[in-house]
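The structure under discussion appears below in the form of structure tokens.
The values are calculated or read from the model by the stated rules, or taken from the named source; none is laboratory data. Since the model is a prediction, treat every value here as computed from it, not as a measurement. In this analysis, Cβ positions are derived from the backbone assuming ideal geometry, glycine residues included, and neighbour counts consider all displayed protein chains. SASA here: full protein model, heavy atoms, side chains in, ligands and nucleic acids out. Shrake-Rupley method; radii C 1.70, N 1.55, O 1.52, S 1.80 Å.
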Amino acid sequence: MKIVLYGATGRAGSRILTELLERGHEVVAVVRNPDKLAPNDGLTVQQGDLSSAESITEAIGAAQAVVSAYGPPEDKTDQLLGVTKREIAAIQQVSQRANSPENAPRLIVVGGAASLEVAPGVTVGNAKDFPAALRPIAQAHEEALELLRASSIDWTYLSPSAFFEPGQRTGKFRLGQDQLLTAPDGKSWISMEDYAIALVDELEQPQHRRQRFTVGY
């Protein structure tokens, strides 16, 4: 597939890029600084950002999917909402030009874990022990998810587990829906490498269209 990737130089995005290229996909990585990405077979590096729906529409072109691994600045987490709105608008514009729903590109979003439930009606983000410093980004991710749910586009939102860090690519993990996944020892985690596998699996064999799902050990 031809896939447009935003956030390709970030921690999660760089691992998603590696997974996509290793599986033979054609990737257009849209980045602010093209010098940060080395040449690679199947990779086109394009300078750009998420500042306007028009520029996103142009970048999408004839791609079959857009993967957004965008992460807002720590002190400006609400920028995630503007980015999500522009991504939705761009997908809508491309869909209208395609004149057929089956040719419309998908949007796959690297999401947050705070909106996952740990008990009925209790999410990671509103649990009493959730760190106050993380509430702004958690709130931004929750609101971005609601924007996607209210939209008409073909979207998928992949929440990681509570701990989401670089690690090993094992290929062994579980998928869930709206509940936080935990291992037998009580830990909730997923490596960015295995997260990338789950995301690219979803691109290749869609199972969660217009849904959020999660991945963990």
Quiz item: W155: accessible area at probe 1.4 Å, nearest 10 Å²?
Solution: 0
Quiz item: Rg/Rh for region 22-90: what does it come to with C-alpha atoms and Rh from Kirkwood?
Solution: 0.98
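For a 32 Å ceiling on Cα separation, which of these pairs sit above it: K85/K187; K76/K172; K85/K128?
K85/K187; K76/K172
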Quiz prompt | Note, ³J(HN,Hα) from phi for region 187-192, Karplus 6.51, -1.76, 1.60, rounded to Hz, x at Gly and Pro | solution = 7, 10, 7, 8, 6, 5
Quiz item: Between region 70-88 and region 110-138, what's the alpha-carbon centroid distance in Å?
Solution: 18
Quiz item: Running Debye on region 41-133 with equal point scatterers at the Cα sites and no solvent, what base-10 log of I(q)/I(0) appears at q = 0.14 Å⁻¹?
Solution: -0.66
Self-check item: 1.4 Å probe accessible area per residue over region 65-217, in Å²
Solution: 49
Practice problem: Could you work out the Kirkwood radius for region 67-210, taking every pair of different alpha carbons, averaging 1/r and inverting it, reported in Å? | Solution: 16.2
Quiz prompt | Point-to-point label distance, R174-D75, nm (Cα→Cβ direction, 7 Å offset) | solution = 4.1
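Tell me, what is the percent relative contact order of region 82-217, built from C-alpha pairs under 8 Å that lie six or more residues apart? Spell out each step's value before the answer.
Details: 220 pairs, mean separation 36.5, N = 136.
Across region 82-217, relative contact order equals 27 percent.
Largest first, how would F130, F213, F173 line up by accessible area (1.4 Å probe)? Numbers along the way, then the final one.
On the way: F130 35, F213 5, F173 55 Å².
In descending accessible area the options line up as F173, F130, F213.
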Self-check item: region 170-204 residues near the modelled D129 label - backbone nitrogen below 18 Å, point 7 Å along Cα→Cβ
Solution: 180-190
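State the extension gain, in nm to one decimal, for the chain segment bounded by E142 and E22, taking 0.36 nm per residue of separation less the distance between their alpha-carbons. Could you put the intermediate results ahead of the total?
On the way: separation 120, 0.36 × 120 = 43.20 nm, distance 3.16 nm.
Roughly 40.0 nm would be gained on extension.
Taking a ≥ b ≥ c as the square roots of the Cα gyration tensor eigenvalues, with a/c under 1.5 meaning rounded and otherwise prolate when a/b beats b/c, else oblate, which class fits region 73-122? Intermediate results must be reported in sequence, preceding the final value.
Values: a/c = 3.80, a/b = 1.68, b/c = 2.26.
It comes out oblate by the Cα gyration axes.
For the chain, give the percent of accessible area contributed by carbon and sulfur heavy atoms, probe 1.4 Å, rounded to a whole number.
49
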Quiz item: Which sequence of M1, M192 reflects their accessible areas, 1.4 Å probe, from the largest down?
Solution: M1, M192
Quiz item: Taking the Cα centre of each part, how many Å lie between region 159-209 and region 4-27?
Solution: 16
